[in-house]
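See structure below.
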Amino acid sequence: MTKIYGHRGASKVCPENTMAAYIKALELGAEGLEIDVHLTKDGIPVVIHDETVKRTTNGKGYVKNISLSEIKLLDAGSWFSPEFQNERVPTLEEFLQWIRTTPLLLNIELKNNKVYYEDLEQKVYNLVNAYGMKERTIYSSFNHYSLVLLRNMDPSIDIAPLYTSNLYEPWNYAKRLGAWSVHPPFKSLHPPILEGLRQHNVSVRPYTVNQEKWLNYFFQYEVDAVITDQPDLARAVRNGEVTVKKSFMKKK
């Protein structure tokens with residue numbers, strides 16, 4: 001059965017990458033969470049999407065130039081709604097302390113394709129292992145050098161290259177990296193590509209799937225997982241509780 005990952009939590013109804021968003025995603029039926037990790041000025045992994053804090057907090061500046069104590073003073077919820085004014089940017093460790101008590105799977109995206117973070121891979125890997133989440137964690141990134149570094153550190157972990165457009169024979173590219181998963185943009189996954197990935201035993205988890213027709217399409221194909229802002233909608237479509245026109249993209 002295709003699993004449902006909450007993209008930055010339940011980011012349709014809560015401020016993204018906050019504990020409120022993660023708890024809500026679990027309540028709405030997500031089976032996994034997708035989160036984003038940067039390093040602070042003092043080298044602490046924190047969960048936030050952008051390279052800067054401007055969009056999702058009341059602060060400004062690059063994460064890499066702000067200490068953890070300073071980041072913890074920022075309001076990470078009011079930009080979304082006043083009811084979330086007490087939300088803060090969580091550290092990866094705080095998040096892991098919570099998720100390990102749940103049945104949720106985890107996709108950690110390393111956000112180092114624009115900013116270089118020394119030892120980001122090792123720090124994240126060590127924390128995941130320390131909290132017993134290794135078997136439930138997928139590592140993804142647009143920085144494929146990071147994924148290869150992780151693969152060299154541990155041949156048993158699941159790494160998944162993220163990419164933004166159509167990739168020629170993505171199953172071959174994945175194998176070059178030592179990956180057995182890919183996280184493609186959902187509109188790139190035409191039937192021949194999905195069939196090729198399946199034939200080569202490469203897991204596929206498309207992002208970010210929020211439309212009923214696309215959710216239904218991927219559930220029909222029984223992809224490994226969908227990454228969505230709306231886990232409740234995805235669950236309703238998967239359970240047949242939403243009427244969707246079938247086969248808007250024909251299998252070949």
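Below, the figures for the structure above:
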quantity	calculated
By accessible area with a 1.4 Å probe, ligands and nucleic acids excluded, highest first: order of TYR116, TYR139	TYR116, TYR139
Which of ASP119, ASP158 is most accessible, then next, and so on - probe 1.4 Å	ASP119, ASP158
Exposure of LEU127 as accessible area (Å², to 10), given a probe of 1.4 Å and all protein chains	30 Å²
Check: the chain dipole with +1 on Lys, Arg Cβ and -1 on Asp, Glu Cβ, in debye	840 debye
Listed peptides 75-85, 25-35, 141-151 by packing density, highest first (mean Cβ within 10 Å)	25-35, 141-151, 75-85
Counting DSSP beta bridges with both ends in the chain, the antiparallel % (nearest 5)	15 percent
Positive-end residue, segment 29-112 charge dipole about Cα centroid, Cβ charges, pick of TRP98, SER78, SER67	SER67
Part-to-part distance (alpha-carbon centres) for segment 95-143 and segment 57-82, which is given in Å	21 Å
Furthest towards positive pole of dipole, SER203, GLY6, THR40, structure part the chain, Cβ charges	SER203
Spatial separation of Cα centroids for segment 210-248 and segment 2-41, in angstrom	18 Å
Tail beyond 11 Å, pair distance distribution of segment 38-81 (Cα, percent)	61 percent
Residue pairs, from the table LYS12/LYS60; LYS111/LYS175; LYS24/LYS111; LYS60/LYS187; LYS3/LYS72, whose Cα atoms sit over 30 Å apart	LYS60/LYS187; LYS3/LYS72
Estimated dipole of segment 123-228 in Debye, rounded to 20 [Cβ of Lys and Arg +1, of Asp and Glu -1, Cα centre]	220 debye
Protein accessible area in the chain, 1.4 Å probe - carbon and sulfur %	49 percent
Among (1) 143; (2) 119; (3) 129, the entry derived from the coordinates for volume of the Cα convex hull per residue in Å³	(2)
Selection from HIS144, PRO191, GLN122, by position along the positive dipole direction of the chain (Cβ)	PRO191
Accessible area per residue, Å², the chain with all protein chains present, probe 1.4 Å	46 Å²
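The values are calculated or read from the model by the stated rules, or taken from the named source; none is laboratory data. Just so it is clear, the structure is predicted and the values come from calculations on it, not from any experiment. Don't worry about glycine lacking a Cβ; one is built from the backbone with ideal geometry, like all the others, and counts go over all protein chains shown. What goes into the accessible areas is simple: the full protein's heavy atoms, side chains included, and nothing from ligands, DNA or RNA. Shrake-Rupley method; radii C 1.70, N 1.55, O 1.52, S 1.80 Å.
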